[in-house]
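Input: a single structure, listed below in structure tokens.
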Amino acid sequence: MDKTKTIGKDYNITQLAKFCLPAILNELIINLLYTIDDGLFISRYVGQNALAAFSILMPLFMIHNSPATLLGGVSILASRKMGEGRDKEARRDFTSIVIFIFVLGIFIGLFERVFINQILNLLGATEEIFPYARDFMKIGALYVPLTLVSNIFMRFYVPAGKPKLELLATILNVSFNIFFDWYFVVYKGVGMVGTAYSNLIATIMMTLLGLFFYSSKSCEIGFDKPTKEIIPLIKESSQYGISSFLSNMSVAISTLVSNYAILHWGSEAYLAAFSIVNNIQFIFMSCSFGLFGTTGPIISYAVGERNKEKLLKTFKQLIILSTALSVITVILFLAFGPLVADLFIAESARDSKDIINYGLMIAPYSFLFFSYNVGARMTFAALGNHKSSAALTFLQEVVFSNLTIVLLPILFGIKGVWFSFLLSNILTLVITIVVVYINRDNYGYGKTKQALKLN
């Protein structure tokens, strides 16, 4: 067998934190800069209705990215195969998924472009925001294939032993986005079309970086001859990606439901305010995805090795790191959340400031529960326990999320929407604790130290 891969090393907690830090910063920076990007260029230079249009399109973005979240499970599968010493097979799997998802993206983009009006009506676009959404979508449909491919590339930087490259790719992406948003939206004054063009250019650059890296010999997994067994590969990859897929699709559905609820109980201005607070909230919550997205391949590699001791050690480290991360994100939100919000509030949107400030008071309490919930389901996915991972995702993102977003405004008026995410996380944590306890003897963290799933 080859020398131990980067994700197969035995990390202490400090080393693990350093290994995860680029991915955590990647999530933080990409969401921070994208949020600033929206605040500076859409809200300030195009208008409040344009930002509401961007909110209307969010479910669409999530849905057409869902194949990458589903098939992105191939990164966990490949990590496991690398732990078993099947490196060439892992490379062939990676190559096959990249080709498949590019072709799939072409069909998705064509579908969106042909049925653009029907899709926007389904998303609930009102007369005021319809033109803005249509302008963006006409261009956005063109780069769906590259978006899907670049998403797969991002998921493999950790298994390839280069987590810092994920951060570099993000910085490159956002830098191009911000520059060309300024060029098209501010300098050229072409509105939402300019935002779409800047996204197109940034996505092309992200894809080119991935093609260059995975074609080189410096990565621990890269391009190879694609496998002929594409259908079995898709099925197996989907098992590992089902949790992320359900989460992505469920958030899309929840966003659609919340858009309808807010427009019913409130207005376009309230939807814009809700979008602003949600964007800021997600900036800091996304750090948890960076942490557990990095440790997922490490856990999967250890499963491939049947290394119970390493798994138990990693579990303990993750509890400590996720607790620390929750506290840090709350502090960061309280310190910088209002400053980020101010970027969105142009003179034309001053009437939304009180609404935004109210939402900012409620948002950080969710962080105390969110990291444990997302950590449990992503760790179960990495362990290969797809049923537990999918069940937790379904309960939070479909059942609890939609129930709270519908019922709370009915009971408490429009302000009830601000408490929906907090309540859904509390309810999910209760179920998460039960599921973790039930699985205690499957992975060696119970009192018996049994690891039945590794035998």
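Stretch N357-K235 to full length: gain in nm at 0.36 nm per residue minus the Cα-Cα span?
39.4 nm
If Rh is defined by the Kirkwood formula over all Cα pairs and Rg also comes from Cα, what ratio Rg/Rh do you get for segment 6-454?
0.96
Could you work out the local net charge near L263, counting Lys and Arg as +1, Asp and Glu as -1, over the other residues with Cβ closer than 13 Å to its Cβ?
The answer is -3.
Mean 1/r over all different Cα pairs, inverted: what Kirkwood radius does segment 136-260 give, in Å?
After inverting the pairwise mean of 1/r, the radius is 16.7 Å.
Using only the alpha-carbon atoms, how far is helix 308-344 inclined from the longest principal axis of the chain? Give it as 0 to 90 degrees, nearest 10.
10 degrees
What does the highest-first list of 303-314, 414-425 look like by mean Cβ count within 10 Å?
So the peptides 303-314, 414-425, ranked by packing, come out 414-425, 303-314.
Over what distance in Å are the Cα centres of segment 230-250 and segment 137-189 separated?
Segment 230-250 and segment 137-189 have Cα centres separated by 23 Å.
When only C-alpha pairs under 8 Å and at least 6 residues apart count, what is the relative contact order of segment 309-455, in percent?
Contact order relative to length: 21 percent.
Identify all lysines with a Cα-Cα distance to K9 below 19 Å; exclude those on the same chain that are fewer than 8 residues away in sequence.
Those lysines meeting the cut-off are K18, K81, K162, K164, K308, K310, K313, K316.
Please give the length that would be gained between T126 and Q450 if that part of the chain were fully extended, namely 0.36 nm times their separation in residues minus their C-alpha to C-alpha distance (nm, one decimal).
111.0 nm
Among I405, I234, which comes first, second and so on when ranked by fewest other beta-carbon atoms within 10 Å?
I234, I405
Round to the nearest 0.05 the FRET efficiency obtained for S175 and H264 when R0 = 51 Å and r is the Cβ-Cβ distance.
With R0 = 51 Å, the Cβ-Cβ based efficiency is 0.85.
Compute the length gained on full extension between V430 and F111: take 0.36 nm times their separation in residues and subtract their Cα-Cα distance, giving the result in nm to one decimal.
110.8 nm
Return a whole-number percent for the relative contact order of the chain, with Cα pairs under 8 Å and 6 or more residues apart as the contact set.
Normalised by residue count, the contact order of the chain is 24 percent.
Output wanted: per-residue J couplings in Hz (rounded whole) for segment 160-168, from phi through Karplus 6.51 cos²θ - 1.76 cosθ + 1.60, θ = phi - 60°, x for Gly and Pro.
Values per residue, Gly and Pro as x: 7, x, 10, x, 5, 5, 4, 5, 4 Hz.
All of the numbers you see were taken from the coordinates with simple rules; none came from a lab. Keep in mind that this is a model prediction, so the values were computed, not measured. Please note: Cβ atoms are built from the backbone with ideal geometry, for glycine as well, and neighbour counts cover all protein chains shown.
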